[in-house]
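The values are calculated or read from the model by the stated rules, or taken from the named source; none is laboratory data. Note that the coordinates shown come from a computational prediction; the quantities given were computed from them, not determined experimentally. Every residue, glycine as well, gets a Cβ built from its backbone with ideal geometry; the counts of neighbours run over all protein chains shown.
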Amino acid sequence: MAQAAAADHHATNTGISNFKLGFWTFLASECLFFGTLISTYMVYKGTALVGPYPAEIFSVITTTVSTTVLLFSSLAMVLALDAVQKANKKAALWWLFAVIAMGGIFLGMEFQSYLKYIDYGLTLTSSTFGSSYYVLTGTHKVHVLFGMIWMGILGWRIYTNRIGPPQAEQVEVAGLYWHFVDIIWIVIFTLVYLIP
Amino acid sequence: MSSVATQQADTHSGAHEEETGLWSWITTVDHKRIAIMYFVTATIFFFVGGVEAMIMRFQLMNPEQSLISAELYNQLFTMHGTTMIFLVAMPMAVAFFNYVVPLQIGARDVAFPRLNALSYWIFLFGGLYLNASWLFAAAPNASWVGYATLTSSQFSPGVNVDFWFISLSILGIASIAGGVNFITTIVNMRAPGMKLMRMPLFTWMTFVTSFLLITAIPVIAVALIFLGFDRLFGTVFFDPGMGGDPVLWQHLFWIFGHPEVYILILPAFGVISDVIPTFSKKPLFGYPIVVYAGILIGFIGWGVWSHHMFTVGLGPIADSFFVAATMIIAIPTGVKIFNWIATMWGGSIRFTTAMLFSIGLLAVFTVGGLSGIMHASAPVNLQQHDTYFVVAHFHYVIVGGAMMGLWAGLYYWFPKASGRFLNETLGKWHFWTTMIGFNLTFFPMHFSGMFGMPRRIYTYSADLNVAIYNQLATIGAVIFAISAVIMVWNLVQSWRKGEKAPADPWGAPHLEWSIPSPPHHYNFPELPTVRSREPLWNDGEREEILAVTMGEATEEPHMPNPSYWPILLAASITLAWALVMTGVWWVIALGIIPVFFCTLMWGLEPAFPEDH
């Protein structure tokens, strides 16, 4: 907690820095945001008047692979934070690179799937399934992309020695974001892909 | 630090003098200045929304008039509702959050001063963007609830609805940022000894409202995204021909919309929970109960949204649930009313303008609460839905509740912000013209509504026999408009040459009255230690606190740097959203670049002096 206080220059009532507490609060807001998107998808399940329908196009295998990659990126994130806290610059950079790379693989695989679905005739405008599916997963992808950019900036600041152990909280909060985006994907994966 | 040292030599107090001038206001991160900007901007929008209302009142004064066209009328009532809720009632409450909360909890600023400035600038630009639609004669015209499928590009082909959904999306960002900021501030930045259950009620209600903000706004944000995609990119969320469900919009809108009602009213409840004890010279009766009732209202407020949708035909089970939930929420609200009355009971009451507005709220809001109980019943609701009865109801709770409470707060805290009293004689004129004008405007609407006059229609038939109620309402509206002019006259006059106010002009119990009026930019030279709920009413504790708070800082306290990134980021966010209107994906993508750049520069800029 000494770190948090140092980063913020203020002793807080909870001992948690404002930055971290505020970010948790923001994530609470994000839960409602994704909750609404996911609910809409679920409400519209089975209402598409024209195909293709989910069962015809989803490949659980492919999505399981991309999901696994994304999940492992969370492990890399934890290790990156650990390395920053232990002032191990080289390891921190490698693990952050791994986070970005795995995020990139996930996005690549997902866009590959998008292209495949569009080939099958599922577009943003083709049905309620298409609209709710693309807007939900698209919003998630924008979140992943934003996270990757954030990690890139953190990496640059670690490389130029602006982030060391005293500023590790910056990496920790970015990690909160990254794990949150991962957890949302687990919910999406379960509800959208696994439930027939 | 050397620059600080040089400046210290110039002033005997040891702290920086606060800078003045336009640039210092544009770059300010001081919660007190941001509060004043919020208040002034919201008051200007209050007049914009008021003029819109007056035009409608003159159009409706007599049956079958055609002072204005039906199309213009549609734009007027849509803009009146949207303006009064998003650009007046909410930001005016936020003005008070900003000014009062850090002072009440004994903090030097909010948790995220720059984010606070960002919220203000986004609110300003979002409001200007919404009103820019008038310049194109394309103001939003599908009502403030924007029901599908009326808002689809098939039935609303112009840019009117685009202005609406884009500006609301922009304003939502300000609200979420504000909610995050005040939750963090209240949880983390209380002075020593300021336990949660010692916080003044206004801070408590700000806390509850902030939770409602961060949870309700994302829901409408998603609904607006769906609407935008439907209009600009051809998705089928609300297109019944493609399997979409227009009722989904209603659900999402009201899941936001009903907590929104409590976002509007809870700050006012907080204000009068501070004002009534002060002017009754008694601690708030049943403090914990008032706190818990406020929290309970916040929770139950999430489970009543479908009472706006009884006419949709959701079936008896859903309707029964929402009838019951709606009636239950009247209980904590009623509890609060009794607590306020019990606080006044046996107290030595001073009828200042702030107190008059608080008592006025009790009376008028209760009328609105009672009509609310009436149409909480689904069968009765079927009769009253979309009539002027509902218009009467929600003006009684929003104007008679939220706005009256905020005006009470204005008279109560103005001396703190300006160092001068608002003129009490003009204040009483303001109060009584408000009471008479307001009731004369809206009470007759109960009758015209019961007799079947529908809302949102630009005229009505003489056969309906409601002309007399409409004439009374129009006369009332003129008186109400005069009250608003009196208020502004009072504000301007008193700000410049009102009677000087001491640090604690009312003999009030809370921390904000322990520091000079107006406060130093750092609020507290040293943080006081609090030992009770009414620290300034306890002998011993009062002296201890004043010894700490009335001095001047011996060196510049740790205050955040001014920054121009909030206004630039707000401008770039507004620009990016405005570009959404083109519907061309690469133009929209280009709009993100300045947002990204400003966010990056914001992140790299040190928020506090020692951070570099």
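Within segment B:308-321, one or more residues are within 25 Å of the chain's Cα centre (by Cα) and either of a type outside the set (D, E, K, R) or at positive phi (or both).
Among what's in segment B:219-273 and is aromatic (Phe, Trp, Tyr) and under 30 Å from residue B:343 (Cα atoms), pick the residue that is surrounded by the fewest Cβ atoms within 10 Å (Cβ to Cβ). Per the criteria, the residue is B:262. For segment B:156-204, the set of residues classified as within 12 Å of chain A (Cβ to nearest Cβ), buried (at least 24 other Cβ atoms within 10 Å of the Cβ) and polar (S, T, N, Q) consists of B:175, B:181, B:184, B:185, listed by residue number.
Condition check ((1) at pLDDT 95 or above; (2) of a type in the set (Phe, Trp, Tyr)) across all residues:
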site: B:157; (1), (2): no, no
site: B:166; (1), (2): yes, no
site: B:182; (1), (2): yes, yes
site: B:238; (1), (2): yes, yes
site: B:249; (1), (2): yes, yes
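Across segment A:20-49, the number of residues qualifying as more than 8 Å from every other protein chain (Cβ to nearest Cβ) and of a type in the set (Val, Ile, Thr) comes to 1. Comparison of B:325, B:354 shows that the only residue that is under 20 Å from residue B:394 (Cα atoms), in contact with a helix residue (DSSP H, G or I) (Cβ under 6 Å, 6 or more places away or on another chain) and part of a helix (DSSP H, G or I) is B:325. For segment A:113-141, a residue qualifies if it is among the hydrophobic types (A, V, I, L, M, F, W, C), at the interface with another protein chain (Cβ under 10 Å from one of its Cβ atoms), in a helix (DSSP H, G or I) and under 23 Å from residue A:181 (Cβ atoms), and the qualifying residues are A:135, A:136.
Out of B:289, B:214, one residue alone is away from chain A (no Cβ under 14 Å), among the hydrophobic types (A, V, I, L, M, F, W, C) and part of a helix (DSSP H, G or I). It is B:289. Residues that are small (Gly, Ala, Ser) and at the interface with chain A (Cβ under 7 Å from one of its Cβ atoms) within segment B:218-249 comprise B:221, B:234, B:243, B:244, listed in sequence order.
Of the residues B:410, B:426, B:440, B:406, which is in contact with a Gly (Cβ under 8 Å, 6 or more places away or on another chain), aliphatic (A, V, I, L, M) and within 20 Å of residue B:485 (Cα to Cα)?
It is B:440.
The requirement of being at pLDDT 90 or above and part of a loop (DSSP other than H, G, I, E, B) is fulfilled nowhere in segment B:471-494; no residue meets it. Selection of segment A:32-58 for residues being more than 21 Å from the chain's Cα centre (by Cα) and either part of a helix (DSSP H, G or I) or small (Gly, Ala, Ser) (or both) yields A:43, A:46, A:48, A:51, A:54, A:55, A:56, A:57. If you go through segment B:298-314 and keep only what is surrounded by 19 or more Cβ atoms within 10 Å (Cβ to Cβ) and without any contact (Cβ under 8 Å) to a residue 40 or more places away in the chain, you end up with just B:300.
Here's the yes/no breakdown for (1) surrounded by 17 or more Cβ atoms within 10 Å (Cβ to Cβ); (2) touching a strand residue (DSSP E or B) at 6+ places or on another chain (Cβ under 9 Å); (3) in contact (Cβ under 8 Å) with a residue 12 or more places away in the chain:
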position: A:78; (1), (2), (3): no, no, yes
position: A:91; (1), (2), (3): no, no, yes
position: A:96; (1), (2), (3): yes, no, yes
position: A:106; (1), (2), (3): yes, no, yes
position: A:120; (1), (2), (3): no, no, yes
position: A:128; (1), (2), (3): yes, no, yes
position: A:156; (1), (2), (3): no, no, no
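Taking the conditions (1) under 21 Å from residue B:78 (Cα atoms); (2) within 26 Å of the chain's Cα centre (by Cα) in turn, residue B:435 satisfies each one other than (1).
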